[in-house]
Amino acid sequence: MAERPIVIYGDPVLREKSKKVDEINQDVKDLVSDLTDTLNRASGLGLTANQIGVAKRVFIIDLRAVDINETLRVFINPEIIERSKEEVELEEGCLSFPDLYLKVTRPEKVRIRALDLDGNEFEVTAEGIAARAVQHEYDHAEGKLFIDCVSPLTRTMIKGRLKKLVAAS
């Protein structure tokens, strides 16, 4: 379909809890196509609908850049149903926060339930980078940002950079 501009931190849509998709129709399929085109251009690992200004519970994950055995995955109305107790701290970035990378602690493994583009429900257990990407994008659908997952000290240290992003948006 078409690339869309990625919403940058400061836009209120990033803080909206996304609305459930009631029907997987052509509009939803077009949205997934736009997400795919936009993600391909941006060279990221995942993208959520609200990052292109649409507050719907849809996100995609594309880990082919880090694992040739991966495929593009579509998650509609995602729900994390299980998180491991084991956590891992790794550096994360976000397409809505250009050039900002922060260490974030997240569960090592998650189980997620969602619908695919044909409306079929599926569950998948994700580990490692896949778990991190799923949780990051799921948080976006909930109106939560990766900066919410860092310590108060880190938030204080990046306050100036965040103000610049808001001013530019």
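Bear in mind these aren't lab numbers, they're just calculated from the coordinates by the rules spelled out. Please read these numbers as outputs of a predicted model, since none were measured by experiment. Every residue, glycine among them, receives a Cβ derived from its backbone with ideal geometry; neighbour counts consider all protein chains shown.
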**Request:** Please list, or write none, the lysines whose alpha carbon is within less than 21 Å of the alpha carbon of Lys20, excluding same-chain residues fewer than 8 places away.
**Result:** Lys29, Lys56, Lys144
**Pair Arg111, Asp27: separation of 7 Å Cα→Cβ label points (nm)** = 3.4
**Fill in**
With -39,500 (n - 2.57) per DSSP H segment of 4 or more residues and division by the full residue count of the chain, the 222 nm estimate, nearest 500 deg cm²/dmol, is -8500 deg cm²/dmol
**Asked** What is segment 47-147 by shape, rounded, prolate or oblate, if you read a ≥ b ≥ c off the alpha carbon gyration tensor as root eigenvalues and call it rounded for a/c under 1.5, prolate for a/b larger than b/c, and oblate otherwise?
**Response** rounded
